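Novice: The following block contains the structure, expressed as structure tokens.
Please treat every number below as a calculation from the coordinates, not as lab data. Everything quoted here is computed from the prediction, not taken from an experiment. Positions of Cβ are generated from backbone atoms using ideal geometry, with glycine treated the same way; all protein chains shown enter the neighbour counts.
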2 protein chains.
Amino acid sequence: MDAAAALDATFAALADPTRRAILARLALGEASAGELARPFAMSGPAVTKHLKVLERAGLISRGRAAQQRPARLEPAALKAVSDWIQEYRRLWDEKFDRLDTYLEQLQTQGETK
Amino acid sequence: MDAAAALDATFAALADPTRRAILARLALGEASAGELARPFAMSGPAVTKHLKVLERAGLISRGRAAQQRPARLEPAALKAVSDWIQEYRRLWDEKFDRLDTYLEQLQTQGETK
């Protein structure tokens, strides 16, 4: 999978609130599909389906322990998304910088009056 | 659209290499669908379809000038993704911190031998 295809899979996997909630849970530590199903009030097969999408996207890995196969968050795929988005940071920083400048000007005008 | 639904739409819109390339182009300045179609060797309707997905996701806005409707990047939706992902930053930072510590230990061992 090349970098673009990997980003496609990661973004597609993240476009679901349940999968984002599973990642938030796994950020606290690994968990089996059964442990994940309970708080989310989801069936085992529904959780397993989400875990497969997350695993294919490289966002999690799963242990080999036969019954449990604990899921673990893999930060590298999230870091790739973060690296991609940082390229655009200057765009919103600039926007806020312009607002800052404007507010400073207003303040200076207020002081000199 | 609540925050979760907005993130769903943004992530889904970003899960396509052509749409990410369009955003990269728009980061340099606004462009009409026609101007975008040329370098991407895409038909006008294909570009328009991608622009609609990006617009619905709040990633771009389009001008009102009847024929041209220049597309402009809207950084706020990208910032929302960035804010979401920053919650996970400590996970990969910690991973690299642990690697750093390990490498430092190796180096110290090498020096004391």
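Novice: Among the residues that make up segment A:89-111, is at least one of them in contact with a Ser or Thr (Cβ under 9 Å, 6 or more places away or on another chain) and of a type in the set (S, T, N, Q)? Can you show your working first?
Specialist: Residues of segment A:89-111 that are in contact with a Ser or Thr (Cβ under 9 Å, 6 or more places away or on another chain), as a first pass: A:89, A:92.
Among the residues that remain, those that are also of a type in the set (S, T, N, Q) are: none.
There is no residue in segment A:89-111 that is in contact with a Ser or Thr (Cβ under 9 Å, 6 or more places away or on another chain) and of a type in the set (S, T, N, Q).
Novice: Just checking, which of B:Arg90, B:Arg19, B:Arg38 is over 27 Å from A:Leu23 (Cβ atoms) and either under 22 Å from the mean Cα position of the chain (by Cα) or not in a helix (DSSP H, G or I) (or both)? Write out each step before concluding.
Specialist: Values: B:Arg90 fails: over 27 Å from A:Leu23 (Cβ atoms); B:Arg19 fails: over 27 Å from A:Leu23 (Cβ atoms).
Being over 27 Å from A:Leu23 (Cβ atoms) and either under 22 Å from the mean Cα position of the chain (by Cα) or not in a helix (DSSP H, G or I) (or both) holds for just one of B:Arg90, B:Arg19, B:Arg38, which is B:Arg38.
Novice: So which residues in segment B:47-73 are assigned to a strand (DSSP E or B) and surrounded by 21 or more Cβ atoms within 10 Å (Cβ to Cβ)? Walk me through it before giving the result.
Specialist: As a first pass, look at segment B:47-73 and keep what is assigned to a strand (DSSP E or B): B:60-62, B:71-73.
Of everything in segment B:47-73, those that are assigned to a strand (DSSP E or B) and surrounded by 21 or more Cβ atoms within 10 Å (Cβ to Cβ) turn out to be B:Ile60, B:Ala71, B:Leu73.
Novice: In segment B:6-49, how many residues are under 17 Å from B:Lys79 (Cβ atoms) and within 9 Å of chain A (Cβ to nearest Cβ)?
Specialist: Here is the first cut: in segment B:6-49, the ones under 17 Å from B:Lys79 (Cβ atoms) are B:6-11, B:13-14, B:20, B:23-24, B:26-27.
Going one step further and asking which of them are within 9 Å of chain A (Cβ to nearest Cβ), we end up with B:7-11, B:13-14, B:20, B:23-24, B:27.
Residues that pass the stated criteria total 11.
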